[in-house]
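> Please find one structure pasted underneath; my questions will follow.
The values are calculated or read from the model by the stated rules, or taken from the named source; none is laboratory data. Quick caveat, the model's predicted, so the values are computed rather than measured. Neighbour counts are summed over all protein chains in view; Cβ atoms, including those assigned to glycine, are modelled from backbone coordinates with ideal geometry. Remember, those area values only see protein heavy atoms, side chains included, never the ligands or the DNA or RNA. Shrake-Rupley method; radii C 1.70, N 1.55, O 1.52, S 1.80 Å.
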Amino acid sequence: MVVNQDSPVIVITALSECQPQWQEVLWGIEEEGIPWRWQQAAGLDVVAHAWQAANQSALLVGIACDSQQLVIHYRNLPASAPLFTLMLHEDLQSRRKAGNNAARLVKGIPFR
């Protein structure tokens, strides 16, 4: 989703090339009409990067991923306690639902 640089977005931090593995999550976010923005970072701690992304997001929700896992975090949670963690072996429906739920957190409506 293309957004204005100043628009509030869910910030997604990629620690490696991970967009192809997690495309269903992005589609789930888009289905709910919430914009997102990619950024690259170096490191190994996906949970810490997700929490940092949530702190960078005006929408309070951040995501970080590597080639094996994706973590969805909320700024108001403790740094070590992410909201959702997905592993690569999760099915496509679970990935899509996680994206929906990240966006629903922003909207303040019940999770799927």
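> From the list 32, 17, pick out the single residue that is surrounded by fewer than 21 Cβ atoms within 10 Å (Cβ to Cβ), modelled with pLDDT of 95 or more and on the phi < 0 side of the Ramachandran plot.
Values: 17 fails: modelled with pLDDT of 95 or more.
Of the residues listed, the single one that is surrounded by fewer than 21 Cβ atoms within 10 Å (Cβ to Cβ), modelled with pLDDT of 95 or more and on the phi < 0 side of the Ramachandran plot is 32.
> From the list 43, 62, exactly one residue is part of a loop (DSSP other than H, G, I, E, B) and in contact with a helix residue (DSSP H, G or I) (Cβ under 7 Å, 6 or more places away or on another chain). Which is it? I'd like the intermediate steps shown before the answer.
Working: 62 fails: part of a loop (DSSP other than H, G, I, E, B).
Being part of a loop (DSSP other than H, G, I, E, B) and in contact with a helix residue (DSSP H, G or I) (Cβ under 7 Å, 6 or more places away or on another chain) holds for just one of 43, 62, which is 43.
> For segment 13-54, which residues satisfy the criterion of being in contact with a His (Cβ under 6 Å, 6 or more places away or on another chain) and hydroxyl-bearing (Ser, Thr, Tyr)?
13
> Within segment 35-51, track down each residue that is at negative phi, open to solvent by less than 50 Å² (accessible area, probe 1.4 Å) and more than 13 Å from the chain's Cα centre (by Cα).
Result: 41, single match.
> Another question, then. Which residue pairs have Cβ atoms under 7 Å apart, sit 6 or more places apart or on different chains, and have a first residue in segment 71-84 that is over 20 Å from residue 21 (Cα atoms) and a second that is in a loop (DSSP other than H, G, I, E, B) and modelled with pLDDT of 95 or more?
Final answer for the pair search is 74/60; 74/83; 75/60; 76/60; 77/83.
> Considering segment 36-92 alone, what residues qualify as being of a type in the set (S, T, N, Q) and under 13 Å from residue 102 (Cβ atoms)?
If the condition is that a residue be of a type in the set (S, T, N, Q) and under 13 Å from residue 102 (Cβ atoms), then 57, 85 are the ones that fit.
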